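Input: a single structure, listed below in structure tokens.
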Amino acid sequence: GDSVTQMEGPVTLSEEAFLTINCTYTATGYPSLFWYVQYPGEGLQLLLKATKADDKGSNKGFEATYRKETTSFHLEKGSVQVSDSAVYFCALRSWGAQKLVFGQGTRLTINP
Amino acid sequence: GAGVSQTPSNKVTEKGKYVELRCDPISGHTALYWYRQSLGQGPEFLIYFQGTGAADDSGLPNDRFFAVRPEGSVSTLKIQRTERGDSAVYLCASSFAHQETQYFGPGTRLLVL
């Protein structure tokens, strides 16, 4: 079945550091890929998405590129801020399906 | 505008009791989803409604779990004979149509003692 594997956390970085959170997936066909973020005390929010190979999703300085050849969708940000501290979830939706399949989440803490 | 709302925000119950969790989707959204998130895990799909009907209930873990959406708007997730293993955060999401972005509510944290 479909699955998503994320980089184990927690991840702790200093402000202005470069961030990468790895995400790989297993799915039949060509899924849509998503990153959701859960800030402390808040609900899940869509951060960015990509719906086909080589697409790049971007938002709030975060980027992720849909790599079909490596079945990956790694999240990157060039300079993180304290306010980026949150739990990040990678997810996929298979073609023709409605449900999202999530990874286990990666907790990110940014220290000033 | 108003987002997805869920009530109650927290629910504590005893093993064997019946509980109902409510979800109010974003107005106009025809698709509604329920997920369950255990501690330290990502959300897991339970059921999806398109309008009033359950289009996919493949994620419901057993027949103690049931969900309804009688008028195509508000949905209720019902759990009979609760077990300690049912303790989790239950998330609701809605979207304008299937295949569109899902917007999540804040969740109901269920604790079964």
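The values are calculated or read from the model by the stated rules, or taken from the named source; none is laboratory data. Quantities reported herein were computed from a predicted structural model and do not represent experimental measurements. Positions of Cβ are generated from backbone atoms using ideal geometry, with glycine treated the same way; all protein chains shown enter the neighbour counts. For the accessible areas, the whole protein counts, side chains as well, though only heavy atoms, and no ligand, DNA or RNA atoms are used. Shrake-Rupley method; radii C 1.70, N 1.55, O 1.52, S 1.80 Å.
Counting only lysines at least 8 places from A:Lys60 when in the same chain, those with an alpha carbon closer than 20 Å to its own are A:Lys49, A:Lys77. Within chain A, which is the longest segment containing none of the trypsin sites (Lys or Arg not before Pro) that sit in a DSSP loop and have at most 16 other Cβ atoms within 10 Å? No qualifying site falls inside A:1-51, the longest such stretch.
When the alpha carbon gyration tensor of segment A:11-112 is reduced to an equivalent ellipsoid, its three semi-axes come out at 24, 14, 10 angstrom, largest first.
If eta is 1.002 mPa s and T is 20 °C, what Stokes-Einstein diffusion coefficient results for chain B, Kirkwood Rh from Cα pairs, in µm²/s? Can you show the working numbers first?
Details: Rh = 13.9 Å.
Result for D is 155 µm²/s.
In terms of Cα atoms, the Rg and Dmax of the protein assembly as shown work out to 17.6, 50 Å. The chymotrypsin sites (Phe, Trp or Tyr not before Pro) found in segment A:31-112 that occupy coil by DSSP, while having at most 13 further C-beta atoms within 10 Å, are A:Trp95. Residue-wise HN-Hα couplings along segment A:9-15, as the Karplus relation 6.51 cos²θ - 1.76 cosθ + 1.60 with θ = phi - 60° gives them from phi, are x, x, 10, 10, 9, 8, 4 Hz; Gly and Pro carry x. Excluding same-chain neighbours fewer than eight residues apart, the aspartates and glutamates reachable from A:Lys52 by a Cα-Cα span under 16 Å are A:Glu63, A:Glu69, B:Glu100.
Please give me the summed charge of the neighbours of A:Asp55: other residues whose Cβ is under 12 Å from its Cβ, Lys and Arg +1, Asp and Glu -1. Intermediate results must be reported in sequence, preceding the final value.
On the way: positive: A:Lys49, A:Lys52, A:Lys56, A:Arg67, A:Lys68; negative: A:Asp54, A:Glu63.
Net local charge, A:Asp55 excluded: +3.
Annotation: lysines with alpha-carbon distance below 25 angstrom to B:Lys11 (same-chain offsets under eight excluded): B:Lys78. GNM on chain B, alpha-carbon springs under 10 angstrom: the most fluctuating residue among B:Ser38, B:Ser94, B:Ser75 is B:Ser38.
Volume per residue, Å³, of the convex hull around the alpha-carbon atoms of segment B:7-50? Spell out each step's value before the answer.
Numbers: hull volume 5.0 nm³, N = 44.
Taking the convex hull of the Cα positions in segment B:7-50, it is 113 Å³ per residue.
I need the GluC sites (Glu not before Pro) found in segment B:1-48, filtered to DSSP loop residues with at most 11 other beta carbons within 10 Å of theirs. Intermediate values should be presented prior to the final figure.
On the way: sites: B:Glu14, B:Glu20, B:Glu44; in loops: B:Glu14.
Hits after loop and neighbour filter: B:Glu14.
Shown here for segment A:44-112: GluC sites (Glu not before Pro) in loop regions (DSSP other than H, G, I, E, B) with at most 16 other Cβ atoms within 10 Å, namely A:Glu69.
Please calculate how many Å² of accessible area chain A carries per residue, with a 1.4 Å probe and no DNA, RNA or ligand atoms counted. List each step's numbers first, then the result.
Working: 5360 Å² over 112 residues.
Here the residues of chain A average 48 Å² of exposed surface.
The mean number of Cβ atoms from other chains found within 10 Å of a Cβ in peptide A:93-105 is 5, as a whole number.
Placing +1 on each Lys and Arg Cβ and -1 on each Asp and Glu Cβ, with no other charges, gives the protein assembly as shown a dipole about its Cα centre of roughly 440 debye.
The residue list A:Pro10, A:Gly29, A:Ala53 was ranked by how far each Cα lies along the charge dipole of chain A toward its positive end, using unit charges on Cβ atoms, and A:Gly29 comes out on top. Peptide B:37-44 shows a mean partner chain C-beta count of 6 within 10 Å per residue C-beta.
On the accessible surface of chain B, probed at 1.4 Å, how many percent belong to carbon and sulfur atoms? If you can, show how the numbers build up before the last one.
Working: 2710 of 5540 Å².
Whole-percent figure for carbon plus sulfur exposure: 49.
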